[in-house]
Amino acid sequence: MKRILLVCIFSLFATVSFGQEFLKGKDLSQVKAAQFSDAEISQISKELKANQMTLEQAEPLALAKGMSASEFAQLKSRIETVNLSVTTDKNKKKEVVKPIEKDSVLVKNDNLKIFGTELFRSKNLSFEPNQNMPTPSNYILGPGDEVEVNIYGIQQFNFAGVISKNGSLNIPNVGEVMVSGLPFEGAKSKLQKQIGRIYSTVASGSSKISVSVSNYRTILVTIIGAQQSGNYRLSAMSTVYNALHVAGGPSDIGSYRKIELIRNSKVIRTIDLYRFLTKGDQSDNISLTDNDVIRIPSYDSRITLEGEIKRPGIYEVVSPENLQQIISYASGFTDIAYKNRILVKQKTTSELKVTDLNEKTFANYMPKAGDLISIDKILDRYENRVQIKGAVYRPGEYSLSNQSTMTIKDLIAKADGLKENVYVKKASLIRQKEDFTKEYLNINLQDVLNGDASANLVLQKEDVLLIFYNQELLDTYKISIDGEVRKPGTYNYANGMTLYDLLLEAEYFTDKAASNVTVFRNKKDVVFNPNDKEKIVSFNLNIDPENPEQAASFILEAQDHVVVRRIVTFETPQMVTLAGEVLYPGAYAIVKKEERVLDFITRAGGLTDEADYNAIKVVRNKLNIPIDWYAISKKPTSTRNLYLEPNDSISIPKKKLTVIVSGNVMFSTEVPYKKGKGLKYYLKNSGGANDKGWLKKVYVIHANGSASTSGSFLGFRNYPKVLPGSTIIVPEKPERQKTSTGEIVGIASVLTSLAGVLLAVFR
């Protein structure tokens, strides 16, 4: 069974010519995705890939052949779970719609699409019939439709049945009622009449009757000339547009304007999709019946619209349509389209030619097959514009009100005049010549302002007047200052600028400034002397920082570089911090080299009565250095009286009159300190060492961070001295490795051998 189903699925995903000829007579209604193995799922994926088909493209085909949506969703999920290389619409390459055949040799833009293709490429538009809506009154019943009849009221009766092949419903107690070929409303009236003969309350109106189609039959529709031509089983509620969408729409050479619906070998409707695309007219979207044929012939004539048109693309032309009508299909021109001339490229019997059209001739021009119509933009220029930029109050664009009289001075007046920092010796007028090249005219602005008619030129359209700021042309006039000023940097130079002026801009001297100020200046020789090696001259000035006004007598020049020296002896104070039990804690400067701990404690007023002499330490770079207060007090020159470094801190905590016992003891505790008591006393108060405690290695950490360990001499155990604030720690015994049985046997064997050797020697 699985093999038969697999062959059926493989036939679904095969591709012949435009796609689906193979589907004739195939029924996928019994296919179950769960029945396939992973290997078979893999094979299905390979078939899809070989035929360049995605799951989304295959889905409507499978549904049309009777496969349920839930089964197809399960099949898709299994393929994705097995992680096969199946492409989806999300990841597939963008579909390239071929423009037109070689009768359009003029078309150069391959990105242009045939108008209408989006109708069949969109995932959000399917034209699928709504199966849940009330049955239309004109729906023609036929064999395969499932009909429900419900009687409610005084009498109740429920019936559901499928119209048989002979066209009847076999209703219990009523008999066969012929309904095939009747419109739904007619069938409903007939059923009510027939049932009323048996159920008197229905005839009298005491009971009501409802009739509905609960499940619609499928019909066979043949589609020719589509992207995926073939036979399709569709719901009887399907329409022409639904069938076209399932088949992927017209082929690349298929017509969108002359699609034929053939019924009983006669063309009953010629469908023009442009009516729907341009007006939303669905009059052509008529219902289908069994054995209908939809024939899509090849197009007769197509033209291309490109450029400034709202919907550039390839359009099908039906005689006697003119260019004006085709432009309306494209939704008209863009806002920047130049409509006084559009270019038409077309071919004759022997060569190509171009034709110019204007807006007045659109309605009279009949496009020819293969025409390429290009709509250009309006020119990116103005017919009456002039511009002014730079040092005016209102720069921008202005209208050239009178081309013969408007002058440079008039334009400056329109811009509310010149700014105070304008450079009046020069301005530039950029003018566009007849050949569209630009020329630059130098203007003496001062002459214009003085009324010189030769300088005050009459403006032309697209003239641009540039008015410069002073600093723009004097940007080389700079001066710089470095060293001990609050804002060193580069400043604008002005004629007559003094050293005092520059100091003002640099916000004066810092408190580290010395009186020594040096000015460096480029040597400006009138006559070049190649033997002169000195290019820079310097001026050494003695300026009192307390009286900078004296610098007002020194005149600076452009490009001077000023350096304010630093006081030689000036050093930033290096600090040490004292915290805790001193009379005056806080930060203290290192006033001389080689200052020690005792020196700083003395400067801080000495230790308080609460100070713990045994806990003094120096913190340096996050490391604790213990200090022996008694040793440094007796001998200040001792190496224990540590020399301090910048950023050191001295910690003097309060006295702590307890001893902490921790580690491998019965219970950790804090014991009040008793003078004269040794380590064993405090261990006893903690319950002594536990089974893991290693008394031989017990050690004491003192309040200042130093540590003492126990030892032995001549068999006597010596324990460290305990001071207030100390912490006693009993470490854990190391685990001893037990001698294994094999090791014991090995040792015994060696000893036995050794004994044998000794006996042999001493015999």
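The values are calculated or read from the model by the stated rules, or taken from the named source; none is laboratory data. Since the model is a prediction, treat every value here as computed from it, not as a measurement. Neighbour counts run over all protein chains shown; Cβ positions are idealised from the backbone, glycine included.
Has the range 525-541 got any residue that is more than 59 Å from the chain's Cα centre (by Cα), exposed (fewer than 12 other Cβ atoms within 10 Å of the Cβ) and at pLDDT 75 or above?
Step one: of the range 525-541, the residues more than 59 Å from the chain's Cα centre (by Cα) are 525-534, 539-541.
Filter again for exposed (fewer than 12 other Cβ atoms within 10 Å of the Cβ), leaving 525-534, 540.
Now drop any that are not at pLDDT 75 or above, which leaves 540.
Yes, the range 525-541 contains a residue that is more than 59 Å from the chain's Cα centre (by Cα), exposed (fewer than 12 other Cβ atoms within 10 Å of the Cβ) and at pLDDT 75 or above.
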Which of the numbered conditions does Y630 fail, given that it passes all the others? Conditions: (1) modelled with pLDDT of 90 or more; (2) not assigned by TED's automatic domain parsing to the domain that holds N492. (1)
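Conditions tested, residue by residue: (1) in a loop (DSSP other than H, G, I, E, B); (2) among the polar types (S, T, N, Q); (3) surrounded by 15 or more Cβ atoms within 10 Å (Cβ to Cβ).
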{"residue": "E645", "(1), (2), (3)": "yes, no, no"}
{"residue": "S651", "(1), (2), (3)": "no, yes, yes"}
{"residue": "I660", "(1), (2), (3)": "no, no, yes"}
{"residue": "K675", "(1), (2), (3)": "yes, no, no"}
{"residue": "K684", "(1), (2), (3)": "no, no, no"}
{"residue": "G687", "(1), (2), (3)": "yes, no, no"}
Restricting attention to the range 338-353, report how many residues are part of a strand (DSSP E or B) and surrounded by 11 or more Cβ atoms within 10 Å (Cβ to Cβ). 7
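Of all residues in the range 162-187 being charged (D, E, K, R) and surrounded by 13 or more Cβ atoms within 10 Å (Cβ to Cβ), which is farthest from S210 (Cα to Cα)? Before the answer, list the steps.
Initially, the range 162-187 is screened for residues charged (D, E, K, R), giving 165, 176, 185.
After this cut, where a residue has to be surrounded by 13 or more Cβ atoms within 10 Å (Cβ to Cβ) as well, the list is 176, 185.
Working: E176: 18, E185: 11 Å.
Selected residue: E176.
For the range 574-642, please list each of the strands (runs of 3 or more DSSP E) lying entirely inside it that holds at least 1 residues being under 24 Å from P724 (Cβ atoms). Steps first, please.
On the way: elements: 575-580, 586-589, 617-620, 623-626.
Ranges flagged: 575-580, 617-620, 623-626.
Conditions tested, residue by residue: (1) among the hydrophobic types (A, V, I, L, M, F, W, C); (2) under 30 Å from K592 (Cα atoms); (3) touching a Lys or Arg at 6+ places or on another chain (Cβ under 9 Å).
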position: A615; (1), (2), (3): yes, yes, yes
position: R620; (1), (2), (3): no, yes, no
position: K634; (1), (2), (3): no, yes, no
position: S638; (1), (2), (3): no, yes, no
position: V661; (1), (2), (3): yes, no, no
position: V698; (1), (2), (3): yes, no, no
position: N704; (1), (2), (3): no, yes, yes
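Quick grid of which residues meet (1) modelled with pLDDT under 90; (2) surrounded by fewer than 18 Cβ atoms within 10 Å (Cβ to Cβ); (3) touching a Leu at 6+ places or on another chain (Cβ under 7 Å):
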residue: L220; (1), (2), (3): no, yes, no
residue: V240; (1), (2), (3): no, no, yes
residue: L244; (1), (2), (3): no, no, no
residue: I262; (1), (2), (3): no, yes, no
residue: S287; (1), (2), (3): yes, yes, no
residue: Y299; (1), (2), (3): no, no, no
residue: G313; (1), (2), (3): no, no, yes
Please go through the range 703-748 and give me each residue that is under 29 Å from P626 (Cα atoms), polar (S, T, N, Q) and modelled with pLDDT under 85, ordered by number. N704, S706, S708, T709, S710, S712, N718
Members of the range 201-221 that are more than 16 Å from P143 (Cβ to Cβ) and either assigned to a strand (DSSP E or B) or touching a residue at least 24 places away in the same chain (Cβ under 8 Å) (or both): T201, V202, S206, S207, K208, I209, S210, V211, S212, V221
Does A453 meet the test of being in contact with a strand residue (DSSP E or B) (Cβ under 8 Å, 6 or more places away or on another chain), of a type outside the set (V, I, T) and part of a loop (DSSP other than H, G, I, E, B)? no
Mind checking whether some residue in the range 265-277 is assigned to a loop (DSSP other than H, G, I, E, B), small (G, A, S) and surrounded by 15 or more Cβ atoms within 10 Å (Cβ to Cβ)? no
Quick check: is even one residue across the range 153-161 within 22 Å of I286 (Cα to Cα) and buried (at least 18 other Cβ atoms within 10 Å of the Cβ)? no
Need the failing condition index for L357 against (1) without any contact (Cβ under 8 Å) to a residue 40 or more places away in the chain; (2) under 25 Å from D252 (Cβ atoms); (3) surrounded by 12 or more Cβ atoms within 10 Å (Cβ to Cβ); (4) not charged (D, E, K, R), just the number. (2)
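Yes/no per residue for (1) in contact with a Phe, Trp or Tyr (Cβ under 9 Å, 6 or more places away or on another chain); (2) surrounded by 17 or more Cβ atoms within 10 Å (Cβ to Cβ); (3) over 30 Å from R566 (Cα atoms):
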{"site": "K377", "(1), (2), (3)": "yes, no, yes"}
{"site": "N384", "(1), (2), (3)": "no, no, yes"}
{"site": "A413", "(1), (2), (3)": "no, no, yes"}
{"site": "E420", "(1), (2), (3)": "no, no, yes"}
{"site": "K426", "(1), (2), (3)": "yes, no, yes"}
{"site": "L429", "(1), (2), (3)": "yes, yes, yes"}
{"site": "A453", "(1), (2), (3)": "no, no, yes"}
{"site": "I481", "(1), (2), (3)": "yes, yes, no"}
